[in-house]
Structures are given as structure tokens and as C-alpha cells.
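Colleague: Once you've had a glance at the structure underneath, I'll fire off some questions.
The numbers here are math on the coordinates, done by the rules we state, and not lab data. Note that the coordinates shown come from a computational prediction; the quantities given were computed from them, not determined experimentally. All Cβ positions, glycine included, derive from the backbone under ideal geometry; neighbour counts span all protein chains shown.
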6 protein chains.
Amino acid sequence: MWIYEKKLEYPVKVYKADLRMAKYLMAQYGGPDSELSAAVRYLTQRYTMPTNKAKGLLTDIGTEELAHWEIVGTMIYRLMKGATPEQLRREDLGAYFAEHDRAVYPVDASGVPWTAAYIQATGDPVTDLHENMAAEQKARTTYEHLIRLTDDPGVKDTLRFLREREVVHFQRFGEALVDVQEELTRKKIF
Amino acid sequence: MWIYEKKLEYPVKVYKADLRMAKYLMAQYGGPDSELSAAVRYLTQRYTMPTNKAKGLLTDIGTEELAHWEIVGTMIYRLMKGATPEQLRREDLGAYFAEHDRAVYPVDASGVPWTAAYIQATGDPVTDLHENMAAEQKARTTYEHLIRLTDDPGVKDTLRFLREREVVHFQRFGEALVDVQEELTRKKIF
Amino acid sequence: MWIYEKKLEYPVKVYKADLRMAKYLMAQYGGPDSELSAAVRYLTQRYTMPTNKAKGLLTDIGTEELAHWEIVGTMIYRLMKGATPEQLRREDLGAYFAEHDRAVYPVDASGVPWTAAYIQATGDPVTDLHENMAAEQKARTTYEHLIRLTDDPGVKDTLRFLREREVVHFQRFGEALVDVQEELTRKKIF
Amino acid sequence: MWIYEKKLEYPVKVYKADLRMAKYLMAQYGGPDSELSAAVRYLTQRYTMPTNKAKGLLTDIGTEELAHWEIVGTMIYRLMKGATPEQLRREDLGAYFAEHDRAVYPVDASGVPWTAAYIQATGDPVTDLHENMAAEQKARTTYEHLIRLTDDPGVKDTLRFLREREVVHFQRFGEALVDVQEELTRKKIF
Amino acid sequence: MWIYEKKLEYPVKVYKADLRMAKYLMAQYGGPDSELSAAVRYLTQRYTMPTNKAKGLLTDIGTEELAHWEIVGTMIYRLMKGATPEQLRREDLGAYFAEHDRAVYPVDASGVPWTAAYIQATGDPVTDLHENMAAEQKARTTYEHLIRLTDDPGVKDTLRFLREREVVHFQRFGEALVDVQEELTRKKIF
Amino acid sequence: MWIYEKKLEYPVKVYKADLRMAKYLMAQYGGPDSELSAAVRYLTQRYTMPTNKAKGLLTDIGTEELAHWEIVGTMIYRLMKGATPEQLRREDLGAYFAEHDRAVYPVDASGVPWTAAYIQATGDPVTDLHENMAAEQKARTTYEHLIRLTDDPGVKDTLRFLREREVVHFQRFGEALVDVQEELTRKKIF
């Protein structure tokens, strides 16, 4: 179970009114390689991991991804807060406003609702860890795209932090893969 | 952000081998009115709630639903653990095994991946709270269906606990609705 | 069965050329809380309602929602009629034109095809009526968003009529909920 | 707008308890080539038809398909009515029961929710009429499959009626295609 | 099996920088009536065709549609190649860039991922050939929309070639339908 | 473009009537980690690969995956051919028969239509190659599940061949990743 701590893992700073950026950030809120994909993927895969260490790693990273999802949601909320329907229309958020006002809802940047088809859990720990390493690369790449889409130094700073965490997760999944492969080899020997 | 506490909110007890029940429980793991729907719905709606109390309520219930999602996932995992492909075939889990082995993956009871189309966030707190009250009724009903599908006293006990929590949440959303409507009336007066 | 009467339940008036509004109105034609959602939801839920009165109510409102779906479709058609590809490109309807020309097709405002995942039928009349009350709130809210996105007095007038009908339906579902709960209590007593 | 007449276009007779058939009939209630697909397809395509005759035809057939959707829904309802959870489990409806009890909900026979991706409206009347002729062939074929899946003479009789209507609709769309092509040729000449 | 020949079936020429056109062309790359729909539809339907001639036709046309899919992908790639994030933002490709950079990914023009729900295979050759004739009409119409959305003579030329091929395929499916109907009649006689 | 060669890359042998296996094989025909996912993924990613060698590799493997898709389709076709509706009902293919008869249609083993949401193309060659390595692991795992679901030596043999090819592709993508990373490093130096 989880306990909520009322603070963000990393501060959200928004200096410029850039409504269109709220839309693009949806890529990381409800898109294919979003923080939601990451959190649900790791928290659902952990049951069939073969070692407590691997189970713990997936739980920890999954829990951190939830915190990142909250950071991205907060950024989107701050970017849209106070915008008028007319401004939203002009900045290509009219369709979003019609259905969600300025609420935060898990769609991708084009407005497609999140689907679990983006993630997988196969029961094979070697395979699932490869899936996770690829997922971290995809999330890193998405952050790099988003960083290039904004020139707000506050938004850029938060996105860089989040990007950096994906790189760390990639490395930790790589280490877990080595561990799991050793464990599976050991099991076959004895 | 969240801190993971390594225990289940309520114990999972499985006394009978009932593979088919693992499949039905998917209704609450990745189905339309599942714990995943509940957690994502409340955690995504909270940004646009008008009072800190309402924001806090959605965060608390959303966080608890994550714990329920974990309980349901654990039940499914325990029910399928150790089953052979032949047993899974016989008990209508052959299609699931082909794609996910005995891993836990967020589909509904028929195998349809979870989609955010099941939930909504409209930016109108009165509306979102109605959506939530309806969601709790739907989750309660799904638990009642599941309870009727099993005669394992352990599974029944856990499902009854989860069902009870939905009734409590329904009441708390009802109270929040009164609060929010009062708040909105007060704002209009002054 | 149904008999078609060749008139709209309420007149459609379009005074201004506002192509972008055609796109936003898709929210009510093929979006999550659209008239299509309402019609299909009520007409599919009615079979398991416990009283003839409740069955009749769902049939009547479902049939009226079909008429509203026709009104929204007519508005969209009138708004796009005669527009050139160049105009459609400029007003963010180029993607829509590429696939549907100026035909009326049930997508949401972002272009996502309608899915039955938006609606539910659980067999529990109390639950289904809560779902319907929430649905009417969501439809009301969507109309309020749409009204704020246009300044065409004709379009606004039709949208206000449709919004008003959702409020009436909400009340009627509330009354049906009381009836059904009384009926269920009576059944338990005797 | 539509007026509801409280009778079925054709009577529904169910002589045998055949729960599994309820599941298969979903193919025509919420499947790709279902009566729901037909009704939504024709009622949404009619706006861009070039002649009043063609508009009227689509409205009439679309309205009749709604009546067929109601017939299929009634058959499904009657087949499942009164079944116990245990019976539903045994007859492969456990997953359906978990989410919908014995309510009627628009999924296909495998439990996939209906999506508008099954239908199209292109704005080109020649193309849309070809789509419709193909749709009627697909609906006819689905009825033929369903007839082969049951030996209940009552269910067979109703399905044969519905199949026959699809053949008639196919012919009427073929005639409309000739009309529309003549009309388009005439327009080009003058 | 297939052998790849390193050339396009028809040359791709792009004279003007028209980023928005890349987005619209997605209609034919990952949209409902796209070349991907065509290729997957025909290659999957061929198994149940009743004659070797019909099987061969579906294989040949399906294989050619793959080549057309490659042509459309190449056009999209050339149109986006070298564009900056700022240019992509301005031309309504910011959402696409956030998730896919300038890679080619099978979505429709609004960004909805391709789904097999767009196509059908019913096992009835008469029905499947009608589906295919309708599919060719829809693809033709989509090309006509796309031709009207661009004034680049190079893009127009390639689109005209592709449109022409759909007309030829329509005719060939029509001939196959006559053949198959004769074959089925012959079988019934003897 | 592609040239079709009328032979299978590897022979299909089916010794036992095992209808249920046809259903499970859909996992590799239209499931998340199917041959269709592989073919579409590689053929769509190749445009943005930075070297001709990498483009060529994706084209070659993508083309081979099409051949594997054909092999899996042929297996499914042979397994279902000649089965009666009654046999299909008994072996859990009644729902499939209702919509597709014994035709081959790209759904997963539970009947969910294939969606491009299963695959990704990010424009970053390092990321896309990681995605591909993970994809090959997932495909390998799916084949291992399928091999465990059958005891037909013919089906097992073909599945083992296909599994082996995924291992080879995994290695080739690993080598391409090293190449691409070297190429990118070289570019940064000069």
C-alpha cells in the first residue's frame, strides 16, 4: 500500500504562458511512453519477478513514476490555469476544453485516451526487464522532444530532472537484468 | 509523491484452486469499473477541485484505490501461481497464458486492455463528484458480481472488505458534493 | 421500434461561419459525453430495469437523445457545408476533411472514434441510474463548455435548449432512483 | 426526430435455454457488423447524400436497423434472464456477468466494446453507398453464422427474418447507387 | 513469402515545404482507409478464398498495397525531414513531434493509432469481395481529398498515380466477384 | 516494393485437430507481440535510421516478419479448416465463428483487434533499436508460451523455427545498436 506525502518530488516552475506546451506535455501524462505507462507497467509486472530484489526495484521505480506523473500533471494544470476559452481556442486546446475544460485527463498529445496496449507483462523476467529498458529509452526520448518544444527555463528545468531519472532507471533495470540472468543460471545448475 | 509501505491494506486469503476466478477478478484489475479506473480517475481529477478539502479527499481515496488495485493483483497472482499450461487451457485462461503467462496485466475479464475512455475529468467539481459517486456504485456492483462467482471463503472475505470500502467512498463523495455546492453558492453570493 | 418524424425537436440556426465550432461540436456528436453516448446508454440499459415505469423512462429519454444527436449532427453539417478544403485546412479541419470530407462522423472533438467504453450497463438499476445522473451532469458540462466556445447567437440558443434538457433528464433520473429504491425495499419486505 | 412505438418489428421467440447463444448474438448487438453499426452508419451518413430520396432511404433503413438492434437486444435479454452465476460461469458468460450481470451491453461476441472505427462516412455518396452494400453483405453473413450456431427454431426464425431484411437493404442501396450515379452524371452535363 | 526490391513502385517528388500535408497524408498511412488497411485486409482474407485465382488476386493486390504504403511513408518522411521543432509546432505537428519526432508512425491524420477494427474478414468470399470493392472506393475518395489539400505538383502526381491504382483494383475485385459467384453457382449445380 | 514468392519460408505441418490452438496462435497473428506488430514496427521505423545498413536491416527483418505472419496465418487456417460450427462452439471458437467464420483475422488470442498502440517509432535510432530488442524478447516469450500449449509435433516444430528466428533478430538488433552508437559518437567528434 502507499502513503501520500503532500509534496512534489521535484518543484514545478512555470515562467511563461505557453498553452500549447500543456498539450504537448500530455505525451508524458497519458501518451504511449508517459509516466502513467511507466507506473502501471512496473507496478503490474512486479508480481512475477523471481527475486525479492527485483520485485522491490519494480515497486520502487513504479512508485517514483507515480510521483513523476504527479509532477507532469501539475505542470499541465499550471500552464492551463486561468486561460480563457478564447485563448484555449487560439492555442489549439479548444477540442480539449470542450470535453475537459482545464482539468487534467490522461490522453496523449493528440487527444487519444491512454490504453494498456502501450505496456506489456509477459511473466518472463528477462523479457519484462528488456521491455522496461526500452520503455525508459522511449520516455527519455519523449522528454528530449518536449525540452526542444519549449523555451521556458522553468519547464525545461523540471523536464531535465525527469529525463535524468529515466536514464538512472534504465541503468538500474540493466543491473537487475544481469542479476536475474545470474539467478536463472544458478537455478538451472543446482 | 507516494511512499510505499510493504504490506497490503487487507490480507489476501485464497483457499481453493479456482483458476477461472482469476480471470473474473480482472474485472476489478483492468476492467471498466476496476480499482485502476478508480485510482487514475481520482488522482487525475483532483487538480481542478475548488477546495483543499476536496483535493485532499480525492488524493486520499485515489491513494487507497491504488492499495486496492494491489490487493486485487495479489489475489489474481495467487490464484494463477503454479498452474500448468494444461490447467490454464482447461479453465479458459489459455488465451491469457499465450500472451502473459501467469503475470498480472490490466485487462478486463474478457481480455480487453484498460483504456482511459472508462473515466472522465470535466473540470466541473459538481459533475466530477457525480461521476465519482456513480463510479463507486459501479465498483460496488462489480464486487457483488464477483462475490457471487466464488465460494472460496477467503476470496469472498477480501472482496467483501473491498466492496465495503466502495460504499464508504460513495458516502464521502456525497458529503464532498454537499460541501462543494455550498462553497460554490457562497462564492456566488459574495 | 421507432417511427421517424421528419422534423428536428428544436430548430438549428447558424448565423456565423465558424468552422472550428463544427470540430468542437463533435464533443457532443461522438465524444465521451455525447448524445450518442446518452442514446446508446439508455436504450441498452432499459432491459434490466425492474419496473415498467423505469423501462419506459429510459426508452423515452433514450429516444429523445437520438433526436438531440440529430440536432447536433445538423449543426455540424450546416457549419461545414460549402467550406473549401483551403478553409478547412486553415480552421484545423484538414485532418477531418482528409478522411471524411464534410460528412458527419461520430468522433470526439480531437478525432477519436466513439467507443462503447464510454458507457456502462451493470444490471443493477440503482447503479445504472447513478451512472445516468452522472452522464447528464457530464453532458450538461460539455454543453456549457461549447456555449463558451461560440458567440453565434443561433448556435448558442440551440445549445442552451439542449443543455436545459440534460438538467430535466437529471431530475427525472433522480426521481426514478427514488422509485426504484422504494420498489426494491418493498420487494425485500414482502 | 423519432417516436417510439411500443412493439417489436418482429416477434422474439426463445424455446431453448442456450446461454452461449446470448454471447454469440452480441456479434449483432455490439460487433463490427452489428445492427448498431448499421443504424449509426446510415443515420450519420445521410447528411451528405445528394438527393432527398437518398437521404430518406438512409433515414428509413437507419431507423429500421434501430428496431433490429432492439430485437437482438431482446433476444439476448430473454436468453440470459433468470440464469444463475453458476450457469453463466459454465456457459462462458462468467466474464460478462462480472462486469454486466445479465444486462445488455454493446460488445462483440468476444467482449470488445463497439467502436465507430467499424463504420465510415466519406462525404462521397457513391463511396458511402458501396460501404453500405458491403455492410449489408457482412450483416447477412453474420446472421448466417448465427443461424448455424443455434438449433432453437424460435431464435432461428427471428434471425432468418433479420437476415432477409439485410438482403432487401442491399438491393435498395444498389438501386440508390444507380440513382445517385445518374444524378451526378446529370449534374456534370448541365 | 516476400522479397524486397529496393525501389519504389512509383517515384516520390516533393517540391514544396508543406509540413501540414505530412499530417494529412497520415490518412493514407495509418488511417481507416489507408494503404495499411488495404494490405492487411487483402493479405489476411486470402486464405478462405474459394479459387486459386481469387487467392492469387488478393495476394497480388495486397502486395502492391504494401508498396503503396511505402510510397506514402516516403512522402511523409520527405515532407517532415529537416523541419525544426518550431516549424512543426507552427504547422500543427507539435503533438506528433512530442511522441514520434519526424519518424513515420501509423496513425490517422488526427493521431489515432491504426486498428484492425477498420477491416474485416468474414469467410464468405462474396461478402469479402464486396468489402474490398467498398474499401477501394474509400481509398480512392481519400486520395481525392488529399489531392485537393495540396498544390504541390509532385505530391499531386504521386497521389494521382495511387488513386488510379485504386480504381484498377476496384475493377479487378468486381471481376473476381463475378468469377466467385459463377464458381459458387457451379458448385451448387453439380 | 515487394515481390511475392509463392512459398512459405518454413513448412507448416499440422498433425492433430486442435481447434483451441488456432485461437491461441492468434497471439502471434494479431496480438501485442505478434508477427504483424513486428513487421509493421520495423517497416515503419526504417525511414529515420541514420545509416543505410540500419535501414537495410530493418527492411530485411520487417520483410521476414511478413513471411512469419504468413506462416502463422497458414497454421491458423489449417487448424480451423473443415471444422463444423458445433466443433467451434465446443472449442471456444463460437464467438470467433460468429464474426469471422474460419477466416483468418488479426485479433489477439482473446479476440481484441490489433492496434498500432502496441508499437512505437520515436525517431531516435538508439531508442527504436531498444524497442526492437524488447520486441524480439516478447515475441520469443510468446512462442515459448505457445509451444507449451500444444503437443502436436508439427505445430511445435514450426513454432520452434519461428522462435529461433526471433533470437537471431534480437542479436542482429543488438549489433545494429552498437553500430549506430558508434556512428553517432563519430558524428559528435567531427
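Colleague: In whole percent, what relative contact order does the stretch C:1-79 give with Cα contacts below 8 Å and a gap of six or more residues?
Modeller: 42 percent
Colleague: Which of rounded, prolate or oblate describes chain B when judged by the alpha-carbon gyration tensor and an a/c cut-off of 1.5?
Modeller: Working: a/c = 2.54, a/b = 2.25, b/c = 1.13.
It comes out prolate by the Cα gyration axes.
Colleague: Please state the charge dipole magnitude for chain E, taken about the Cα centre, from unit charges on C-beta atoms (+1 on K and R, -1 on D and E), reported in debye and rounded to the nearest 20.
Modeller: 200 debye
Colleague: Output the 0 to 90 degree angle, nearest 10, between the alpha-carbon long axis of helix E:125-148 and the longest principal axis computed from the alpha carbons of chain E.
Modeller: 20 degrees
Colleague: For labels at E:Glu182 and A:Lys13 in the simple 7 Å Cα→Cβ model, what's the distance in nm?
Modeller: Using points 7 Å along Cα→Cβ, the separation is 7.9 nm.
Colleague: So how do F:Lys13, A:Lys6 line up by other beta-carbon neighbours within 10 Å, fewest first?
Modeller: So the ranking, lowest neighbour count to highest, is A:Lys6, F:Lys13.
Colleague: Of E:Gln28, E:Gln87, E:Gln45, which has the largest mean-square fluctuation in a 10 Å C-alpha GNM of chain E?
Modeller: E:Gln87
Colleague: Enter the angle in degrees (range 0 to 90, nearest 10) between the Cα long axis of helix A:19-29 and the first principal axis of the Cα atoms of chain A, meaning the one along which they spread out most.
Modeller: In chain A, helix A:19-29 runs at an angle near 20 degrees to the longest axis.
Colleague: Before anything else, pin down the relative contact order of the stretch C:45-125: Cα pairs under 8 Å, at least 6 apart, normalised by residue count, whole percent.
Modeller: 36 percent
Colleague: Taking the alpha-carbon centroid of each part, what is the distance from the stretch E:10-46 to the stretch A:146-190 in angstrom?
Modeller: 35 Å
Colleague: Angle between the Cα long axis of helix E:35-45 and the longest principal axis of chain E, 0 to 90 degrees, nearest 10?
Modeller: Helix E:35-45 sits roughly 20 degrees off the main axis of chain E.
Colleague: Over the stretch A:19-184, what is the mean sequence separation of C-alpha contacts under 8 Å (at least six apart), divided by residue count, expressed as relative contact order in percent?
Modeller: Working: 203 pairs, mean separation 50.6, N = 166.
Dividing the mean separation by the residue count of the stretch A:19-184 yields 31 percent.
Colleague: Assigning unit charges at the beta carbon (Lys, Arg +1; Asp, Glu -1) and nothing else, what dipole magnitude in debye, to the nearest 20, does the protein assembly as shown show about its Cα centre?
Modeller: In debye, rounded to 20, the protein assembly as shown gives about 0.
Colleague: What's the exposure ranking of A:Thr141, E:Thr59, going from fewest to most Cβ atoms within 10 Å?
Modeller: By the 10 Å Cβ count, ascending, the order reads E:Thr59, A:Thr141.
Colleague: So, one more: Shortest first and in nm to one decimal, what separations exist between C:Lys187 and its copies in the other chains, measuring from label points 7 Å along the Cα-to-beta-carbon line?
Modeller: Output for C:Lys187: 4.1, 5.0, 5.0, 5.5, 6.7 nm, nearest copy listed first.
Colleague: Given H placed 1.01 Å from N in the peptide plane, which residues other than close sequence neighbours of E:Trp2 have an amide H under 5 Å from its amide H?
Modeller: Answer set, sorted by chain and number: F:Glu5, F:Ala67.
Colleague: If you don't mind, another one. If each residue's Cβ is checked for other Cβ atoms within 10 Å, how do D:Val168, E:Val104 rank with the fewest at the top? Can you show the working numbers first?
Modeller: Working: D:Val168 12, E:Val104 26.
Ascending number of Cβ neighbours within 10 Å: D:Val168, E:Val104.
Colleague: List, shortest first and in nm to one decimal, how far the label point of F:Pro153 (7 Å from Cα along Cα→Cβ) is from its counterparts in the other copies.
Modeller: 5.1, 5.1, 6.8, 7.4, 8.7
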